[in-house]
Every structure is written in C-alpha cells, then in structure tokens.
1. Check every one of the helices (runs of 4 or more DSSP H) wholly within region 1-97 and list those with 1 or more residues that are at pLDDT below 95.
2. Please go through region 1-29 and give me each residue that is closer than 19 Å to Gln79 by Cα and out of contact with any Asp or Glu (no Cβ under 8 Å at 6 or more places or on another chain), ordered by number.
3. Looking only at region 1-20, count how many residues are surrounded by 10 or more Cβ atoms within 10 Å (Cβ to Cβ) and among the hydrophobic types (A, V, I, L, M, F, W, C).
4. Just to check your reading of the model, which residue among Ala44, Ala28 is surrounded by 11 or more Cβ atoms within 10 Å (Cβ to Cβ) and touching a Phe, Trp or Tyr at 6+ places or on another chain (Cβ under 6 Å)?
5. Of everything in region 47-90 that's among the basic types (Lys, Arg) and within 17 Å of Arg25 (Cβ to Cβ), which residue is surrounded by the fewest Cβ atoms within 10 Å (Cβ to Cβ)?
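The values are calculated or read from the model by the stated rules, or taken from the named source; none is laboratory data. Here the structure is a predicted model, which is why all the values come from computation and not from measurement. Note that we place each Cβ from the backbone using ideal geometry, even for glycine, and neighbour counts take in every protein chain shown.
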Amino acid sequence: MPQTDPFTYNVPRKLSDQELARALRLDAAAELDAMNLYEAHIEATDNADARKVLAFIAKDEKEHYALFVELVRRLDPQQAEEMEAAGPKLDAILAAPEGQSSEEAVEQAGNPAESAAERDALRRFTVGSLFDR
C-alpha cells in the first residue's frame, strides 16, 4: 500500500505566526469536516460497535478542533478580540426584539448609556453636514 512521502509537505522556510494561524484555521476546518462525517456515519448505522467507535473518534475530533481554535486565538490578537466580543454580541442579538436588525441590537448593547435620541443625532451626520461646522 502506498504511503505519503514524509517530505512532501516540507516548506522552504518557517511560517510566521500569521501564516501559521491561517494554516491552523484550515486544520480546524478539517476537524469540523471529520466530526460531521463521523456523526453522519453514526446516524446511518445501527451497528452498536461501529457507533461506539465512531462516537469515540468524533469526540477526539471535537477536542482537536478546540485545541486548534485556542492556538489560533493565541497566535492572532485580532482573532482573540473577535472571540472575546462574540459572547456579548451573541447575547445582544438573541435578546433583541423581533424585527430589530442584529446591527441595531449590537449597537444598543455596546453602548447602553447612550439614548435613542443621541444615536439618532449621530446617524444624521453626513460628509456634507460636517462642512457647515
């Protein structure tokens, strides 16, 4: 049976943290793909042994995915900021009344002390209106 040449994936130089973060995002995507594949196999069979082994492997893939995401967070400060903001942003979106856009919900949650009148006044600024000042 042919095996992968261990030197196929050698690169001529070391990766920067930014390049490594990009590569790890692809690795994380592969883990998600594997998870979905194994879970689909579990749903597609009644074989108890196969289901047990596939569930064990799928759990490992979830751990691998989590480790890749954490490493990317540590390598990419901008990604870390987005991840920190995601929880509060999601809470604001989920708490918003029906019909309110997610942007409005996040904007209101991001600055709750600001009144609706103040927000409306800020929205009325245009490039042209600033020339009169």
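1. Values: elements: 17-43, 48-75, 77-95.
Ranges flagged: 17-43, 77-95.
2. Within region 1-29, Leu15, Ser16, Glu19, Leu20, Arg22, Ala23, Leu24, Arg25, Leu26, Asp27, Ala28, Ala29 qualify.
3. Just the residues of region 1-20 that are surrounded by 10 or more Cβ atoms within 10 Å (Cβ to Cβ), to begin with: 15-20.
If we keep only those that are among the hydrophobic types (A, V, I, L, M, F, W, C) as well, we get 15, 20.
Looking only at that region, the number is 2.
4. Working: Ala44 fails: touching a Phe, Trp or Tyr at 6+ places or on another chain (Cβ under 6 Å).
Of the residues listed, the single one that is surrounded by 11 or more Cβ atoms within 10 Å (Cβ to Cβ) and touching a Phe, Trp or Tyr at 6+ places or on another chain (Cβ under 6 Å) is Ala28.
5. Arg74
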